[in-house]
Amino acid sequence: MASDRRPDDEEETEAERRRTNIVLVVVAVLLIGAGIWMVNALVDARKLQQCYESGRRNCAPIEVPDRTRD
């Protein structure tokens, strides 16, 4: 009968578990942040598309800085 336990010298230490948990939390936060960014980008794209579909021409104006001369 094979045992599922590792030998004592390969036991996972508390520091290793803590490090693994921190890495998993960071990955989860990055995934959530990327998801929120993607949803916002899709909402902006939908608004722009609705603007164009309504026949307007200034849906995405380009802001040019003033060219004032001294």
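Just so it is clear, none of the values below were taken in a lab; they were calculated from the coordinates. In this text the structure is predicted, and so the values were computed from the model without any measurement. Note: ideal-geometry Cβ built from the backbone for every residue, glycine included; neighbour counts use all protein chains shown.
So if each residue of separation counts as 0.36 nm, and I subtract the Cα-Cα distance between S54 and V39, what length gain in nm does that give?
3.1 nm
Report ³J(HN,Hα) in whole Hz for each residue of the stretch 35-50, in order, from the Karplus equation J = 6.51 cos²θ - 1.76 cosθ + 1.60 where θ = phi - 60°; Gly and Pro get x.
x, 5, 4, 5, 5, 4, 5, 5, 5, 5, 5, 5, 4, 5, 5, 5
Which length gain, in nm to one decimal place, applies between I62 and R46 when the Cα-Cα distance is subtracted from 0.36 nm times their residue separation?
Residue separation times 0.36 nm, minus the Cα-Cα distance, leaves 3.9 nm.
When Lys and Arg each count +1 and Asp and Glu each count -1, what net charge do the other residues less than 13 Å away from Q50, Cβ to Cβ, add up to?
Cβ neighbours under 13 Å give a net charge of +1.
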